[in-house]
1. Run through segment A:73-179 and list the trypsin sites (Lys or Arg not before Pro) located in a DSSP loop whose Cβ has at most 13 other Cβ atoms within 10 Å.
2. Given H placed on each backbone N at 1.01 Å, which residues far from A:LEU153 in sequence or on other chains put an amide H within less than 5 Å of it?
3. Through the Karplus equation 6.51 cos²θ - 1.76 cosθ + 1.60, θ set to phi - 60°, convert the phi angles of segment A:33-50 into ³J(HN,Hα) values in whole Hz; use x for Gly and Pro.
4. Under a Cβ-only charge scheme (Lys and Arg +1, Asp and Glu -1), can you give me the dipole magnitude of chain B about the Cα centre, in debye to the nearest 20?
5. Return the aspartates and glutamates within reach of A:LYS93: Cα separation strictly under 18 angstrom, same-chain partners fewer than 8 residues apart disregarded; answer none if there are no such residues.
6. Sticking with the crude label model, points 7 Å out along Cα→Cβ, report the distance from A:ARG100 to A:GLU164 in nm, one decimal please.
7. Which lysines does A:LYS16 reach when only Cα atoms under 21 Å apart count, and residues fewer than 8 places away in its own chain are ignored?
8. Given contacts defined as C-alpha pairs under 8 Å and at least six residues apart, what's the relative contact order of segment B:122-229, whole-number percent?
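FYI, it's all coordinate maths here, none of it is from the lab. Note that this is a predicted model, so its numbers are computed, not measured. Here the Cβ positions follow ideal geometry from the backbone for every residue, glycine too, while neighbour counts run over all protein chains shown.
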Amino acid sequence: MPRPALKIPGLFKGLKITMGIFLQTMFPKRGIRTLMPAPTLGAVTVQYPYKSAPEVPAARARGVIALKEENCTVCMLCSRSCPDWCIYIEGHKTKAPPRRPGGKERTVSALDRFDIDYALCMYCGICVEVCPFDALFWSPEFEYSEPKLADLLHDMDRLGEWMETVPDFETYEAGSDAKVRKVPR
Amino acid sequence: MASVLALDWGNYWQQSIFRVLGSAVFIILGAGTFVIAFLFKMMSYMQSRLGPMEAGPHGTLQLVAEVGKFLQKEDLVPERADARLFKLAPYVVLASTFLLAVVMPFGPDAYFVNLDTGVFLALGLSSISVIGILVAGWASANKYSLIGGLRAAGQLIAYELPMVLAVVGVVIQAGTLNLQGIVAAQHSGQIFGWDGIGNPFVLTQLVGFVVFLIATQAELAQTPFDMPIAESEIVTGYMTEYSGMRFLLFFIAEFATAAVFSALAATLFLGGWAIPFVDLDDNVMNVVGPLVLVTKMMIVGTLIFWARFTFPRFREDQLQSFAWKFLIPISLVNILATMVLKVAF
């Protein structure tokens, strides 16, 4: 068995690295102000709530769920498939004008209430997957924390506002026959 | 001032109360400073982070918040644990730290107790914490705790030896076991006939200093030697079942012991509370001395924690063979060389 190489130089190399990063973080300023410690400038850490986020999440990130109210048919599939029952839906039947002149009046379902409790939501995305009428979409927005737990319950209007932030679906790779889905605007 | 600190007043109980309060202040301030300066800030900066920033300016009051948090937590005792021993163990560990702090000299007349065999007592007292750790590991009724406690015992016994042997070199050179005498010997000493700055033993006993620091690292179970609390293998070793106040006691003891050992290393190797060119018996040293000692203590602490935040953990068998096959022979050779040179000069 070959003897392992002497470890002493590596030990000092390690010490040099940690002390180097320490000094870089502690004294990032150059020139005459080198000796003024300024760790907030030197560290990689960004003090996020006080300063803007260092990077925006990817467009496909699961930030918040947006609701296109007009597309919803109150089918309750999302509510039933939600693993922790955080979607609350109430609706009623109503009459809508016929599609073409002289036709019969249609019966449609209209939403009274569509709430998602983000205190319970675990961002699994099953509701978005299961929605057959393109009413639910992922948006990468994530800055909606609240001091009070109850304020995390987003109602229909709040969920509708998120629609503006939903990005377009990415185009498929070249040669794909599938039609690219469109986000209803 | 001088007579107040030198404890030539009062009866036994008054002196004892003063010593307990004094070492409590030293331990709380020392542990607090070490945690904030090294664990919170230096470690973060070494990883290009900022550490705690919310409580107080730059997170300086974070420790107050942490202590408050621990005091609120429930003090759990496992159902099958030996409850009495389980509750006693952290106090045993902390007691050894308290006793260690008492022997530390801070100035010509600023000490709690000035024993002829101060070093001997300090090294003896530092082993008491092993008992507390073993008791904690055994009484927890948890296999991780037991393995951690046994590892701690094996490690502390193994590294006690090089530590004592490293100190023997200093004792030979100073010619006394008294900590004040060692400080005086460093202040008035000569390095091969040159007495410009006295003789801080770190210069002539460099090998001893390095061995002492490595052994200290192992005694404190700091990272390259943190087998007893190796959190990725055995949860947190003997501390696994502790929560709330008793975990806090272990935590304080860990960092207070780091502070006390740093102060001991500063006294033995860096000249203690004395500074060159200032007379030893100068009354002003009673005020400046503690500050000097704390400064030197922080220097030693920086070295200890620098190594802690740099190196990964040893394997258990490597840890033992490193002590027995490398550190002990090297410190024995150091003693031999010191003896020969002591006689020659």
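1. The qualifying sites are A:ARG99, A:LYS104, A:LYS148, A:LYS179.
2. Those qualifying (amide H under 5 Å, at least 5 residues apart or on another chain) are A:TYR118.
3. 8, 4, 7, 7, x, 9, x, 5, 7, x, 6, 6, 4, 10, 6, 3, x, 8
4. Computed about the Cα centre, the dipole is about 560 debye.
5. A:GLU69, A:GLU70, A:GLU105, A:ASP112
6. 3.9 nm
7. List returned: A:LYS7, A:LYS29, B:LYS41.
8. Relative contact order comes out at 27 percent.
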